[in-house]
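In what follows, a structure is listed as structure tokens, so that the remarks can point back to it.
The values are calculated or read from the model by the stated rules, or taken from the named source; none is laboratory data. Because the structure is predicted, anything quoted here is derived from the model rather than measured. Here the Cβ is made from the backbone with ideal geometry for all residues, glycine too, and neighbour counts use every protein chain on show. Ligands, DNA and RNA are excluded from the accessible area calculation, which covers all protein heavy atoms including side chains. Shrake-Rupley method; radii C 1.70, N 1.55, O 1.52, S 1.80 Å.
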Amino acid sequence: MDRIIINGGKRLEGRLPISGAKNAALTLLPCALLTDEPLTLRNLPRLADVDSFGHLLNQLGVSTMIEGTSPEDFGRVMTMRANRVTSTVAPYDIVRKMRASILVLGPLVARAGEATVSLPGGCAIGNRPIDLHLKALEALGAEIELTAGYVKATAPGGRLPGGTVVFPIVSVGATENAVMAAVLASGQSTIQNAAREPEIVDLCRCLVAMGARIDGIGTETLTIEGRKELHGATYQVMADRIEAGSYACAAAITGGSLDLIGVNADEMRATLHALAQAGVIIEEKRDSVRVSADGRLKPLTLSTAPYPGFATDMQAQFMAMLTLAEGTSVLTETIFENRYMHVPELARMGADIQVTGRSAVVHGVSGLTGAPVMATDLRASMSLIIAGLAASGETQVQRVYHLDRGYERLEEKLQAVGADIERAGDG
Ligand code: EPZ
């Protein structure tokens, strides 16, 4: 298994290109199932999860063709076509490795009238049920049965009628499945208490480009007029606001200055606001954001929340940054029940953090010391990288396959802005 080796203490300085958003790509890819015409996605990030999703789509009868890299942006161009859906089954061995596979459920029921998807099971950050996905599909007219670890959803008569979905709590994935199921329904659907993340706006915009009728995009109430069919389109994946926020924390903790290229500041307001409160200087430009820090950071009190609140996907990275702040910070994780796996590893580098229930109290220390540490989940891995960039001495992050799921060309991007970082295989 690969590991990443960092010799810390170097200020990061320069321009860092931000890739297409993983969490947008993973909901845009299944849109190919909603039409028999080609769907071309631009600015697709080179990530393990994107490749895995492509393989799953192939198994369902979707042809996928990589058409090289689009020069004006960093990502890949891929054209997909589901002439016919040849299978409606997403098997356990794929779903267990990538829980985002559950996002084929809605499109398959919408297009093929049925879907059989393995229950994803939990993961490192929580048990992550899919009850809200299933209740939403039922509200849209699907029949749901659970057997032998699989969920089978069926549209009576082959086409969902549509209906009103009222989410008791905000769920990104369940909102995405509901939207993708409703766009081909025979009637109108309303989704209340919908998630409002920018990745869902990206999904809705792509579906509209394919001929879908969606009102209320970006709000908590979506109204969808079902269509008989959608047509193909070419759509550009939004920039990854979480990748950008992660590298902003790296700039802050190393006292550096990074131009984050290609990111939309309006999609990361809560992150930028928190960075500014910590004393980081933010300069917004047309299609980039410059993040600079010189000297000790101020402590913060932060609670994660659904968008537009402070993103749970930024919690671990901020915690790493705040281990060196001048004072005590308090972070509260309200979305997932076990998203502090990075704490014991940060402690091994000298951080002073106490976790009590949903909150973590971070007492700023004067410095971190490099150490061999273990990645446990995607964002925890990035928090260890961020800490290693500031620590004195060598940090080795093991199990970097977690990182490869969400950060494209991480060491290349960081080397280009002055980090002493490399990847070593175990041969
Ligand atoms: C998406 O996960 C993201 N993943 C996550 O990013 C992100 O952390 C999360 O949204 C919250 O923003 C992708 O987009 C691929 P949820 P998702 O449904 O859709 C509970 C990363 O690091 N819940 O909004 O699974 C759930 O347990 C990943 O990039 C139910 O109870 O998140 C959680 O406590 C990690 N029942 C809360 O809702 C359900 O049916 C929010 O989960 C669904 C969710």
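For Ala48, the conditions (1) in contact with a strand residue (DSSP E or B) (Cβ under 9 Å, 6 or more places away or on another chain); (2) at pLDDT below 95 are fulfilled apart from (1). Per the listing Val263, Val291, the residue uniquely in a loop (DSSP other than H, G, I, E, B), touching a strand residue (DSSP E or B) at 6+ places or on another chain (Cβ under 7 Å) and closer than 24 Å to Ala416 by Cα is Val263. Within segment 232-249, residues that are among the basic types (Lys, Arg) reach partners that are assigned to a helix (DSSP H, G or I) with beta carbons closer than 7 Å, at six or more positions or on different chains, in the pairs Arg241/Pro198; Arg241/Glu267; Arg241/Met268.
Given the criterion aliphatic (A, V, I, L, M), within 16 Å of the ligand (Cβ to nearest atom) and out of contact with any Ser or Thr (no Cβ under 6 Å at 6 or more places or on another chain), identify the matching residue among Leu331, Leu324. Break it down into steps so the answer makes sense when it comes.
Details: Leu324 fails: within 16 Å of the ligand (Cβ to nearest atom).
Every option except Leu331 fails the conditions.
When segment 150-164 is examined, which residues are found to be polar (S, T, N, Q) and surrounded by 17 or more Cβ atoms within 10 Å (Cβ to Cβ)? I'd like the intermediate steps shown before the answer.
First, pick out the residues of segment 150-164 that are polar (S, T, N, Q): 154, 164.
Scanning segment 150-164 gives a single hit, Thr154.
Looking at segment 351-427, the strands (runs of 3 or more DSSP E) lying wholly inside it that each contain 2 or more residues that are under 15 Å from Asp2 (Cβ atoms) sit at 372-374, 394-398, 420-424. Can you find even one residue in segment 157-167 that is within 13 Å of the ligand (Cβ to nearest atom), under 30 Å from Arg241 (Cα atoms) and either part of a loop (DSSP other than H, G, I, E, B) or not charged (D, E, K, R) (or both)? Checked segment 157-167: at least one residue is within 13 Å of the ligand (Cβ to nearest atom), under 30 Å from Arg241 (Cα atoms) and either part of a loop (DSSP other than H, G, I, E, B) or not charged (D, E, K, R) (or both). Annotation for segment 189-196: no member residue is open to solvent by 50 Å² or more (accessible area, probe 1.4 Å), near the ligand (Cβ under 10 Å from one of its atoms) and either touching a residue at least 24 places away in the same chain (Cβ under 8 Å) or not in a helix (DSSP H, G or I) (or both).
Scanning segment 80-100 for residues that are assigned to a strand (DSSP E or B) and either surrounded by fewer than 17 Cβ atoms within 10 Å (Cβ to Cβ) or more than 22 Å from the chain's Cα centre (by Cα) (or both) gives Arg81, Val89. Among the residues making up segment 126-146, those that are open to solvent by 20 Å² or more (accessible area, probe 1.4 Å) and in contact with an Asp or Glu (Cβ under 9 Å, 6 or more places away or on another chain) are Asn127, Ile144. Of the residues making up segment 267-284, at least one is open to solvent by 20 Å² or more (accessible area, probe 1.4 Å), touching a residue at least 60 places away in the same chain (Cβ under 8 Å) and closer than 20 Å to Glu199 by Cα. Within the set Ala311, Ala316, the sole residue that is surrounded by 17 or more Cβ atoms within 10 Å (Cβ to Cβ), over 22 Å from Ile200 (Cβ atoms), under 23 Å from the mean Cα position of the chain (by Cα) and within 16 Å of the ligand (Cβ to nearest atom) turns out to be Ala316.
Condition test on Ala185, is it open to solvent by 40 Å² or more (accessible area, probe 1.4 Å) and either more than 16 Å from the ligand (Cβ to nearest atom) or free of Cβ contacts under 8 Å to residues at least 12 places away in the same chain (or both)? When the stated conditions are applied, Ala185 does not pass them.
Answer yes if at least one residue in segment 131-138 is within 16 Å of the ligand (Cβ to nearest atom), closer than 30 Å to Tyr401 by Cβ and either charged (D, E, K, R) or in a loop (DSSP other than H, G, I, E, B) (or both), and no otherwise. Taking every residue of segment 131-138 in turn, at least one turns out to be within 16 Å of the ligand (Cβ to nearest atom), closer than 30 Å to Tyr401 by Cβ and either charged (D, E, K, R) or in a loop (DSSP other than H, G, I, E, B) (or both). The condition of being acidic (Asp, Glu) and over 26 Å from the mean Cα position of the chain (by Cα) holds for only one of Glu333, Glu345, Glu326, that being Glu326. Please state which of the following conditions Cys123 fails to meet, knowing it meets all the rest: (1) out of contact with any Lys or Arg (no Cβ under 7 Å at 6 or more places or on another chain); (2) more than 18 Å from Thr147 (Cα to Cα); (3) within 15 Å of the ligand (Cβ to nearest atom); (4) open to solvent by 10 Å² or more (accessible area, probe 1.4 Å). Among (1) out of contact with any Lys or Arg (no Cβ under 7 Å at 6 or more places or on another chain); (2) more than 18 Å from Thr147 (Cα to Cα); (3) within 15 Å of the ligand (Cβ to nearest atom); (4) open to solvent by 10 Å² or more (accessible area, probe 1.4 Å), the lone unmet condition for Cys123 is (1). When restricted to residues that are in contact (Cβ under 8 Å) with a residue 40 or more places away in the chain and either polar (S, T, N, Q) or in a strand (DSSP E or B) (or both), segment 50-64 contains 1. Total residues in segment 375-406 satisfying the condition of being within 13 Å of the ligand (Cβ to nearest atom) and either within 23 Å of Gly364 (Cα to Cα) or of a type in the set (Val, Ile, Thr) (or both): the figure is 7. There is at least one residue in segment 334-357 that is surrounded by fewer than 23 Cβ atoms within 10 Å (Cβ to Cβ), within 16 Å of the ligand (Cβ to nearest atom) and at positive phi. With the requirement that a residue be closer than 19 Å to Pro161 by Cα and surrounded by fewer than 17 Cβ atoms within 10 Å (Cβ to Cβ), what does segment 197-220 give you? Passing the criteria: Arg213, Asp215.
Taking the conditions (1) within 14 Å of the ligand (Cβ to nearest atom); (2) in a helix (DSSP H, G or I) in turn, Ala276 satisfies each one other than (1).
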